[in-house]
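Student: Before I ask anything, here is the structure I am working with.
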Amino acid sequence: MAGAIASRMSFSSLKRKQPKTFTVRIATMDAEMEFSCEVLDHDVPTEEPKTFHFLAKFYPENAEEELVQEITQHLFFLQVKKQILDEKIFCPPEASVLLASYAVQAKQCDLVSVSHPSQVINLYQMTPEMWEERITAWYAEHRGRARDEAEMEYLKIAQDLEMYGVNYFAIRNKKGTELLLGVDALGLHIYDPDNRLTPKISFPWNEIRNISYSDKEFTIKPLDKKIDVFKFNSSKLRVNKLILQLCIGNHDLFMRRRKADSLEVQQMKAQAREEKARKQMERQRLAREKQMREEAERTRDELERRLMQLKEEATMANEALMRSEETADLLAEKAQITEEEAKLLAQKAAEAEQEMQRIKATAIRTEEEKRLMEQKVLEAEMLALKMAEESERRAKEADQLKQDLQEARESERRAKQKLLEITSKSSYTPMNSSTTALPTDLPSFNLISESLSFDFKDTDMKRLSMEIEKEKVEYMEKSKHLQEQLNELKTEIEALKLKERETALDILHNENSSRGNSKHNTIKKVSEGPSLYFP
């Protein structure tokens, strides 16, 4: 009895302890996954599944240096691209064309699926075909780049946009003026609500001594004690907590970037360099194999073309031979007929001569008969003469036909000789390099393929490391060339701009560009004297 009660108690207690679960969906920029999660002490909404978006919270200053792993770079590229297309990051037209060309290269897709920010499309009198024409021209320059290389070039351009990586919050200063607070990897920035491109005042992280908040009031204390403490109010306490989290995280990363990398980061970067070197060697190997395949295909096509040409020549030679044989047969037949006709005419001429002799021997004595006889004799002589001339002509014609027959047989012999030469040519064709297998109905060509083997050697790794460092130096030179290309593209499409459709951000961006202001030198200028810019 006691045992049964204890058993029921343990079962009921086990049943009470079983936690509730709910479905959670984690969505990245290119995939989703679902799993069950236990309920703790939090109130969970009733709808399921609960969706959480996996996104980068802190933006790097230099994507090429800080995004070590390829998967991190890929997800961050998709996040930045979406923000640009959703117009959460302002992008001028000339930069959007270049970014679109790198996006096409990264995705290796048809140009029809390329998207543009609607603000850029509405600003110019340009059709989608005109945009794609310009994107195609830039895309042609990127051909051969791998996906990770195209994505990194995209991020290098995007990280110089004014609104890249900035989190904006609505605030009020002590006078009650409405402002915007921007938090990014470089520091804190204060903006007018209508101008998110150019800050009125900036506090770089290395010039901030302390950040704190009490209830809804936020306080920024500069390192320079001569500069006034900046205080502002936010709408909610939760917003202040989020601002403080972003400040702590960005400040920590700002200081880390300016120190030597930890051992773990050094190991990650070393592994990334080795992986990059391995992929580069693999791409070089694939490029060589592709080149060899293309050369083999070109050689095969040339051999097939040559074979078809030889076949056509052989067919023509056979046809010529058949025509020669037919001509020779016809000439032989005609010569035989002419020879028989000549014999027949000679026989008739002999008979006419015999008749003439008989008429002469039996001539009538009378004069009339004599005259008639002489006339008949004359006619017989003329007939005999004509018969002789015809016989001679037929004999000459027979001789000519015999000569034609001999020439026809000579032509037949030459045609057979040419066909033999063509057949001997098609049985062997030399090759200069390696080829691939040919169809079974073609002649056999022995093509020797080179053997390929690649070993990872220290010298190779050192060489590739030097090349990577060289590429960093070359990037600085290319940046200048890139800016020149952007200016050239901007000049090209400027004539098609619709001034009445310009947004406030377009006007601000153009003013900054005309004054030579960029994201970094603007922050540098305003950080030199913040109190002068603050209302």
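The values are calculated or read from the model by the stated rules, or taken from the named source; none is laboratory data. Predicted, not measured: the structure shown is a model, and the values here were computed from it. We place every Cβ from the backbone using ideal geometry, glycine too, and count neighbours over all the protein chains shown. Surface accessibility is based on the protein's heavy atoms, side chains included, excluding ligands, DNA and RNA. Shrake-Rupley method; radii C 1.70, N 1.55, O 1.52, S 1.80 Å.
Student: Please go through segment 249-265 and give me each residue that is part of a helix (DSSP H, G or I), without any contact (Cβ under 8 Å) to a residue 24 or more places away in the chain and loosely packed, with under 13 Cβ neighbours inside 10 Å, ordered by number.
Tutor: Asp252, Leu263, Glu264 - these are the residues of segment 249-265 that are part of a helix (DSSP H, G or I), without any contact (Cβ under 8 Å) to a residue 24 or more places away in the chain and loosely packed, with under 13 Cβ neighbours inside 10 Å.
Student: Return the residues of segment 208-244 that are open to solvent by 50 Å² or more (accessible area, probe 1.4 Å), in contact with a strand residue (DSSP E or B) (Cβ under 6 Å, 6 or more places away or on another chain) and in contact (Cβ under 8 Å) with a residue 24 or more places away in the chain; say none if nothing qualifies.
Tutor: Within segment 208-244, Lys216, Lys231, Asn233 qualify.
Student: Inspect segment 134-152 for any residue being in a helix (DSSP H, G or I), at pLDDT 75 or above, surrounded by 14 or more Cβ atoms within 10 Å (Cβ to Cβ) and of a type in the set (Gly, Ala, Ser) and give the result as yes or no.
Tutor: Checking segment 134-152: at least one residue is in a helix (DSSP H, G or I), at pLDDT 75 or above, surrounded by 14 or more Cβ atoms within 10 Å (Cβ to Cβ) and of a type in the set (Gly, Ala, Ser).
Student: Quick one: count up the residues across segment 68-94 that are part of a helix (DSSP H, G or I), open to solvent by less than 40 Å² (accessible area, probe 1.4 Å) and either at pLDDT 90 or above or of a type in the set (Lys, Arg) (or both).
Tutor: Here the count works out to 9.
Student: Find the residue count for segment 147-173, including only residues that are basic (Lys, Arg) and farther than 17 Å from Ser101 by Cα.
Tutor: 1
Student: Are there any pairs, at least 6 apart or on different chains, whose C-beta atoms fall under 8 Å, with the first in segment 325-340 and open to solvent by 100 Å² or more (accessible area, probe 1.4 Å) and the second not in a helix (DSSP H, G or I), and if so, which?
Tutor: Filtered contacts from segment 325-340: no entries.
Student: Name every residue in segment 289-324 that is of a type in the set (D, E, K, R) and open to solvent by less than 70 Å² (accessible area, probe 1.4 Å), in order of residue number. Outline the logic, then answer.
Tutor: Step one: list which residues in segment 289-324 are of a type in the set (D, E, K, R), which gives 289-290, 293-295, 297-298, 300-302, 304-306, 311-313, 319, 323.
Selection gives Glu289, Glu295, Glu304, Glu313.
Student: Does segment 158-165 contain any residue that is touching a strand residue (DSSP E or B) at 6+ places or on another chain (Cβ under 7 Å), of a type outside the set (Val, Ile, Thr) and farther than 30 Å from Lys279 by Cα?
Tutor: Scanning segment 158-165 turns up no residue that is touching a strand residue (DSSP E or B) at 6+ places or on another chain (Cβ under 7 Å), of a type outside the set (Val, Ile, Thr) and farther than 30 Å from Lys279 by Cα.
Student: I would also like to ask the following. Quick one: which of Ala100, Ala56, Ala4 is open to solvent by less than 90 Å² (accessible area, probe 1.4 Å), among the hydrophobic types (A, V, I, L, M, F, W, C) and at pLDDT below 85? Don't jump to the end; show me each part of the working.
Tutor: Details: Ala100 fails: at pLDDT below 85; Ala56 fails: at pLDDT below 85.
Exactly one residue qualifies, and that residue is Ala4.
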